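For reference, the structure discussed in these notes is given below.
Just so you know, all these numbers are worked out from the coordinates, no wet-lab data involved. Not measured: the values here are computed from a predicted model.
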């Protein structure tokens, strides 16, 4: 049984989104670590559950996207930045340099829906200090 089918069966719901922190490596912000950690955003369960041979980190959220855009992924990375192996200040510095690679309106919309307060403040500060965007 593949991961999607396993999670769907466990939750008895198909409204969930699976994510690995490895996905952040594609954002171009200097993250390079590989993680053996799968997060499952959903509406029903919270906590770590071992299903088959893998452990999944279920996180209940009232809202989450159906699929991640790179802006959604950036917001998610900022929401989880304290859990990453990379240095937080290095990631934020890289974001300052690369903010123009992200669609501002999409990033702000994503931040409004899925963010933690710290994430929202970080994004606002970066745009305020990068007035050329």
One finds the C-alpha centres of region 48-74 and region 5-35 to be spaced, in Å, by 5 Å
Between the Cα axis of helix 104-114 and the main Cα principal axis of the chain, the angle (0 to 90°, nearest 10) is 40 degrees
Options (1) -0.55, -0.73, -1.01, -1.24; (2) -0.44, -0.61, -0.92, -1.28; (3) -0.49, -0.65, -0.92, -1.19 for log10 I(q)/I(0) by the Debye sum over Cα atoms at q = 0.12, 0.14, 0.17, 0.20 Å⁻¹; the value derived from the coordinates is listed as (3)
Computed over the chain: longest principal axis from alpha-carbon atoms vs helix 88-98 long axis, angle to nearest 10 degrees, is 60 degrees
Percent antiparallel among DSSP beta bridges confined to the chain, rounded to 5, stands at 65 percent
Computed over the chain: longest principal axis from alpha-carbon atoms vs helix 70-79 long axis, angle to nearest 10 degrees, is 80 degrees
Among 23, 93, 110, the residue with the largest mean-square fluctuation in a Gaussian network model of the chain built from Cα contacts under 10 Å is 93
With -39,500 (n - 2.57) per DSSP H segment of 4 or more residues and division by the full residue count of the chain, the 222 nm estimate, nearest 500 deg cm²/dmol, is -12000 deg cm²/dmol
